[in-house]
Structure formats: C-alpha cells, structure tokens
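Working notes for the structure below.
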Amino acid sequence: MLLLFETPAGFALFKVLDEGKLSKVEDLGKEFSSPDSARKCLYLALLGLNLTVILYQHQVVKLKAFSKFENTSEALESVTKIIESSTSKGLRKFLRANCDGETLAVADSKLGNAIKDKLKIECVHNNAVMELMRGVRSQLTELISGLATQDLAPMSLGLSHSLSRYKLKFSPDKVDTMIIQAIGLLDDLDKELNTYAMRVREWYGWHFPELAKIVQDNILYARSVKLMGSRDNAAKLDFSEILPEEVEAELKEAAVISMGSDVSDVDLMNIKELCDQVLSLAEYRAQLYDYLKNRMNTIAPNLTALVGELVGARLIAHGGSLLNLAKQPGSTVQILGAEKALFRALKTKHATPKYGLLYHASLVGQAPPKMKGKMSRSLAAKAALTIRYDALGDGQDDSMGLENRLKLEARLRNLEGKELGRSAGSAKGKPKIEAYDKDRKKGAGGLITPAKTYNPSADAILWQTPNSTARKVEEEEPAKEAPVTGEEKKEKKKKKKRSEEETAVPSDRNGTAEQDGEGEAKKEKKKKKKHQAESDGVQNDAENADEGGKKKKKRKHAEAVEDDEYETPSKKKEKKKKKKTEG
C-alpha cells in the first residue's frame, strides 16, 4: 500500500511496510509521538538523490518518491486541484510512474474516486489512513531529509496566502470596504452640511433676513456672510468673485433697506466661524467624492458606467460587498433599499414596490412616470450582469457597462415612442391625423348614436286617435293651398248649392215614410261628424298654440269655409222639413 501526502514543497509517496499495524488505530499515534520514538522506528539515509527508510526495530513506512513543485504557480494550481477533489497534470504523471498495481491511501474520498476514474488505481480512505496521515504530518521534517522546519514554515505561509487570494479573487485594488466606508461618510457629511448651513441661515437671518431669498445656494450664502460680516459693509465690498452681477446688485440694494436687527461683533465672529466650518465640510466632501469616483471606476467600472458612482456605491454598501451583491438576482437588485415597503406590501396584500436604490439612477429618472417600473426592471437585469462581471471577471475596462447603457437608452426611446404613439392614436410612434367626426366622443373609440330627425306623426297627444290625426292632416292641406280670389269663391259656392239642391230634393215627392227615416239618419250622422270635427279642431289649436300665426289664420279660414258650406240654404230647408215631419 502507498500513502499519498501533499506538502508545501511537493507531493510525497510513502510505502507502508507493515499493513498489520493499520488494524490497530490506537497504537499508530504512539509510533509518531515524539522525534525520538520516530527515530527509533525510522531511520533515514540519503543515498545520492534517493531517500530510503531503514527501520531497525519495527518497519512502518518508507519514502518511495517525492515530486517537488517548480514554482509558486505550480504549487497553487496543484493544491487548488486537490481542494477541488481533482488531479493536476503533474500529479497524474507522478502517480502513473510510481503506482503500478499498488493500492493508494488518500486523505479525501472524492479525490480517491477521481484518481480511480482517470488512472484506474485502487484507492483507500478510512480512519486508519487518516491516523497515519496525522502521524506523518507531525514528524514530516524528520521523515523527509533536507526539509527543515525553518524552510517549511515560510513555504506553508506563502502557499496559504496565494490560495486565499485565489479563492477570494483578492486584489489590493479590489477592496470594496473602502467604498462602503466612503459612501457612508459622504451621506453623513451631506446631513451635517445641511444642518450647519440651515443654522447659518437662521442665525444670520436675524441680522439680514433678505439675504436668504437672494442667495439660494448654501455654500455661496456662507461665503457671502463670511466676506460681508455686517450688512452695513455690503455697499463697500466687491462680491464679483462669489456672486453674479445681478445678484450682487440686488444684495446691495436689500442691505440698505433691510429690516433685520443689529448684532454685536462677538455674534458676527461666531457666525463667521460657523461659516468656516460649512466651507471646510463642503471642501472635504468634494475631495471625498473624487476619491469615491476613482475607487468606483477601479473596482466596479461597468456598474459605474451603468448607474453612476453614487448609486453603485450605495448598492455595494447595501449588499455588504461586491461579491455578495454579485450573488443576488436581478429581482433583488431592483428592490434593494425598499425592503421595508416590500414586506409591508406583502403583509397588507398590496402592490409591491417597483424600485429601491435604482430610482436615483439617471436612466430611471429620464423615463416617464408610467414607464419607470419597466425601466427599473430592465436596469436591474443589466446591473446584475455588470456586477458579476466586475466581481468575478478578469477585465478591467467598462465596455460591458457602456454597451448595456446604450441598449437601455434605446429601450427607453422605444418605450417613449410607444407611449407617444398610443396618445396620438398610432401604434408606430408617428402622430396620426384623423378626420373630424362630430358624433365621436373625445378620448373614446365608440361613436355616439346620431340624433334622429323629428317625426311629428309619432307624437302622442291626449284624447287623440289616428283618425283624428289623419283628419287634421287633411284639414291642413287645403289651408296650405294658394289664396283664392273672390270670383272663384262665388263660383264654387254656386256649384255646391246646385249639387246640394239636387241631392236634397227627392226624386219621388210621394216617397214613403221609410225613405224619410233613412234621410233623417243620414242627417244625424252628418251632424255627429261635424261636432266631432269641431271638437278635434279646438283640441289641435290648443295643443299647437306655439306654432306660427300664419298656420292659425289658415286653420281659422278653413274652418270658416266649412261652416259656410254646412250652413247653406238647402240645409236650412232640410231642417224645416225635419221639424214638420216630427210635428
């Protein structure tokens, strides 16, 4: 059986001479308890370049072969492969040359499976092997000649540092802790600066209250107060280096007519010292911002190109580190910073937030209000890619961030075009000119039903039947005819009289009483019709009183003509005859 043991200097292969001792795991530790006991059991003799183990009393192991690492890179590669439970190229070559038909004892079962699959070497891993490994490790410098303790310690330390850098992707330029501290300090400085500036405004406002409206910027306000002191000195001083000419002229005019109270020199001295604090904080904030900008361009150039220095730094600070932020999906990056609103929405079953810290990014700010959610989702997806590239990639340029930013700007223009087209009635972003339609509702796609023309025949009038409406139309028709002259009227009357006389005079004067009865029935029917026509005409006149005066006159004229027709001499004669017969 062979034992594979890895050291900072290389791989060692030990030959187990007495496999029977592996059955007694408790006694193996005693063989390597001290260097003296190890020397009693093992004696190392160096013959040329070969190391042999000569056992005087109890033969346990001997060193069969040793493969030395040529440089640190090879050592790092080999150890990394061992940690990942795989074999490097040098290790495979070493095992093929020295493990012909032997069983190999390894410290990792997964590594044993990999060796068995690739090299077809039988591997063993159990408690006895681990105890044997521990004993060899404790007395490694005694078992391998030429490997001193003072040499082994620096090699172990250097290899561990290299391995840590490889695992953590460590680089002195990639320390995101500096960014986290810088952005936190920048936010604190902003709060303190605003507090101090408001205190200056309130304090100096008792002396010169008009200055607060004239000078809006806090830094310019502090510089003006520091230069001016008392407002009485404003007319003598030159503010051209601080303020524009228009603001300077307004300041000097307001200083003359100011309503503020007078203050002592001691008060002005303390106000000026506070102004010095404000100016010093502002100067340090500008210096800190430049430092943060440089660090962000070094550590996360693609994220900086996509969302900016401040938003990117806040994302890294909120995530804890750039590597932790790289492990988050795009949906988490989107709402990062709005956790409180998210859990409140989940608890109350309301709509979840659409953005967190990404709301302050320029791309989201440029989007219309209705499209901010879509833009923040797209930006979060691209930001997740750039964060992973910055954290785990080897590139140091910002090409990926710039490319993604161009894509997002194109998508933003596309969204704005769709919104414009939707508002203009076109789907392709071009305004569509539509013909004016008076029946179309504003802002709606449907049409109002067009107004129907007035139908007077459909009017429902109380106590009016279809026969009366038809009779009414017949009465109005002769009234609409052209006016008739006097001679024509006389001729018509004569013709009517003749026709009535002919019908009134019976052909047989000696007619029977039955014929007289029939004539009387006809006369009664005519009277009823006359009364009904008159009552209908009165009702129609009352209901249509709003119509023009001409129609009323025509109706009256027609009624008068009818009355004249009914009251002819022949009718009078018929009435007299009727009275005689009744008598």
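Details
- Test: Ser376 is surrounded by fewer than 18 Cβ atoms within 10 Å (Cβ to Cβ) and hydroxyl-bearing (Ser, Thr, Tyr): no
- Here Asp117 meets each of (1) more than 19 Å from Ala9 (Cβ to Cβ); (2) in contact with a helix residue (DSSP H, G or I) (Cβ under 8 Å, 6 or more places away or on another chain); (3) among the acidic types (Asp, Glu) with one exception, condition (2).
- Set Lys407, Lys347, Lys354, Lys382: member being farther than 16 Å from Leu306 by Cα, open to solvent by 10 Å² or more (accessible area, probe 1.4 Å) and within 18 Å of the chain's Cα centre (by Cα): Lys354
- Residue check for Leu91: open to solvent by less than 80 Å² (accessible area, probe 1.4 Å), within 27 Å of Lys110 (Cβ to Cβ) and at pLDDT 85 or above: yes
- Some residue of the range 287-295 being closer than 17 Å to Trp203 by Cβ and within 46 Å of the chain's Cα centre (by Cα): no
- Qualifying residue in the range 215-229 (condition: more than 30 Å from Ala317 (Cβ to Cβ), out of contact with any Cys (no Cβ under 8 Å at 6 or more places or on another chain), of a type in the set (S, T, N, Q) and surrounded by 15 or more Cβ atoms within 10 Å (Cβ to Cβ)): yes
- Pairs where the first residue, in the range 146-157, is of a type in the set (A, V, I, L, M) and the second is assigned to a helix (DSSP H, G or I) and at pLDDT below 80, C-beta under 6 Å, 6+ apart: Leu147/Thr141
- Failed item in (1) under 21 Å from Arg134 (Cα atoms); (2) open to solvent by less than 30 Å² (accessible area, probe 1.4 Å); (3) part of a helix (DSSP H, G or I), with Lys110 passing the rest: (2)
- Test result for Thr332, surrounded by fewer than 19 Cβ atoms within 10 Å (Cβ to Cβ), within 19 Å of the chain's Cα centre (by Cα) and of a type in the set (S, T, N, Q): yes
- Every pair of residues 6+ apart whose Cβ atoms lie under 7 Å, when the first sits in the range 99-119 and is within 14 Å of Ile82 (Cβ to Cβ) and hydroxyl-bearing (Ser, Thr, Tyr) while the second is open to solvent by 10 Å² or more (accessible area, probe 1.4 Å) and assigned to a loop (DSSP other than H, G, I, E, B): Ser109/His125
- Filter result for Leu152 (open to solvent by less than 80 Å² (accessible area, probe 1.4 Å) and either of a type in the set (Asp, Glu) or farther than 21 Å from Ala75 by Cα (or both)): no
- Every pair of residues 6+ apart whose Cβ atoms lie under 6 Å, when the first sits in the range 247-276 and is loosely packed, with under 12 Cβ neighbours inside 10 Å while the second is hydrophobic (A, V, I, L, M, F, W, C) and at pLDDT 90 or above: Ser261/Trp206
- Check on Glu241, farther than 20 Å from Ala282 by Cα and open to solvent by 70 Å² or more (accessible area, probe 1.4 Å): no
- Residues of the range 158-205 satisfying the condition of being open to solvent by 30 Å² or more (accessible area, probe 1.4 Å), modelled with pLDDT of 85 or more and aliphatic (A, V, I, L, M): Met178, Ile180, Leu185, Met198
The values are calculated or read from the model by the stated rules, or taken from the named source; none is laboratory data. The model shown is predicted, which means the values in this text are computed figures rather than measured ones. Don't worry about glycine lacking a Cβ; one is built from the backbone with ideal geometry, like all the others, and counts go over all protein chains shown. Note: areas computed on protein heavy atoms with side chains; ligands, DNA, RNA excluded. Shrake-Rupley method; radii C 1.70, N 1.55, O 1.52, S 1.80 Å.
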